[in-house]
């Protein structure tokens with residue numbers, strides 16, 4: 001294997017000191033009063049010898065890598081991939097690079113990603129935390145490394161976070177179904193103790209109670225994240241064959257896509273026989289014959305606020321932790337039975 005070119009190699013090649021080459025390669029030629037001609041000569045030599053700076057050594061010296069580690073549940077999910085792009089773009093404006101990883105809602109995988117990013121000396125983390133990972137987040141905080149949680153949060157954990165009001169967003173979706181005359185309303189959610197999902201279920205139940213509509217536990221269907229497609233098809237069949245409900249609220253866009261596949265296979269007409277509303281949008285909705293009503297979270301606001309909080313924390317690690325609540329709105333279309 002070829003030996004990596006060093007600063008000393010570049011210096012020897014043109015007959016100058018390694019310190020002089022270091023000044024130029026670190027952009028400090030003015031401080032060292034290096035002539036323009038010498039700067040040009042050093043840069044040409046570095047290019048010819050294929051000199052690559054040791055970024056880790058440079059980072060250790062400067063105390064920063066200008067890198068943010070982003071961990072989400074699934075980067076292939078449009079919700080997270082779009083947020084990731086916004087975070088990447090916002091961070092770039094401030095001179096930061098973002099590296100990504102998917103936890104697949106798995107605590108062990110999230111822990112591994114945190115270890116990898118820590119080894120790479122990231123300056124901060126932005127995380128959509130998996131279930132049962134409070135200790136992981138606390139360990140990062142204990143090392144005085146900035147963390148911002150997005151989409152989810154843990155009550156009692158003193159950390160910056162950005163999320164929506166899941167309770168009210170869910171309640172507003174169910175209100176729309178009731179407004180459209182639906183009285184047998186089911187919900188498909190993930191089987192998890194995470195607060196954002198619990199809040200969505202709580203909002204669903206609250207509106208049923210408020211409108212004097214009986215809550216039936218068998219109509220609140222819960223699917224495993226790891227076995228989602230299988231669970232959704234099997235568990236929805238229990239309430240859709242025969243059809244026991246007249247509306248179905250999906251707690252996430254992934255559940256909605258899987259659920260809509262099952263509904264289509266069963267030959268159930270939307271919204272004629274079954275009104276549907278999803279949490280978050282999906283590109284797959286464009287291929288469904290009935291325009292899908294969905295809860296829209298401002299991904300731009302979530303991404304921008306996450307980066308803003310990270311940068312504030314990097315500049316002042318002792319500042320009080322902030323929670324930013326981003327507004328969510330219901331985009332009403334045909335699938336909820338609305339007469340447009």
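The values are calculated or read from the model by the stated rules, or taken from the named source; none is laboratory data. Keep in mind it's a predicted model, so treat the numbers as computed, not measured. No Cβ is skipped: glycine too gets one built from the backbone with ideal geometry, and neighbour counts run over all protein chains shown.
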Please work out if residue 215 is at pLDDT below 95 and closer than 22 Å to residue 72 by Cα.
no
Here, strands (runs of 3 or more DSSP E) confined to the stretch 271-340 with at least 2 residues that are more than 23 Å from the chain's Cα centre (by Cα) and crowded, with 18+ Cβ neighbours inside 10 Å are 275-279
Filter the stretch 285-296 down to the residues that are modelled with pLDDT under 95 and either farther than 16 Å from residue 338 by Cβ or out of contact with any helix residue (DSSP H, G or I) (no Cβ under 8 Å at 6 or more places or on another chain) (or both) and list them by number.
286, 287, 289
From the option list 248, 311, 274, 240, single residue qualifying as in contact (Cβ under 8 Å) with a residue 40 or more places away in the chain and farther than 30 Å from residue 96 by Cβ is 248
Residue check for residue 306: within 23 Å of residue 182 (Cα to Cα) and either in contact with a strand residue (DSSP E or B) (Cβ under 9 Å, 6 or more places away or on another chain) or touching a residue at least 12 places away in the same chain (Cβ under 8 Å) (or both):
no
Do we find that residue 185 is modelled with pLDDT of 95 or more, in contact with a strand residue (DSSP E or B) (Cβ under 6 Å, 6 or more places away or on another chain) and closer than 15 Å to residue 306 by Cβ in this structure?
no
Has the stretch 178-189 got at least one residue that is surrounded by fewer than 19 Cβ atoms within 10 Å (Cβ to Cβ) and under 20 Å from residue 328 (Cα atoms)?
yes
Taking the stretch 148-165 as the region of interest, how many residues are outside any loop (DSSP other than H, G, I, E, B) and in contact (Cβ under 8 Å) with a residue 60 or more places away in the chain?
7
Can you tell me which of 169, 173, 206 is outside any strand (DSSP E or B), in contact with a strand residue (DSSP E or B) (Cβ under 9 Å, 6 or more places away or on another chain), modelled with pLDDT of 95 or more and surrounded by fewer than 23 Cβ atoms within 10 Å (Cβ to Cβ)?
169
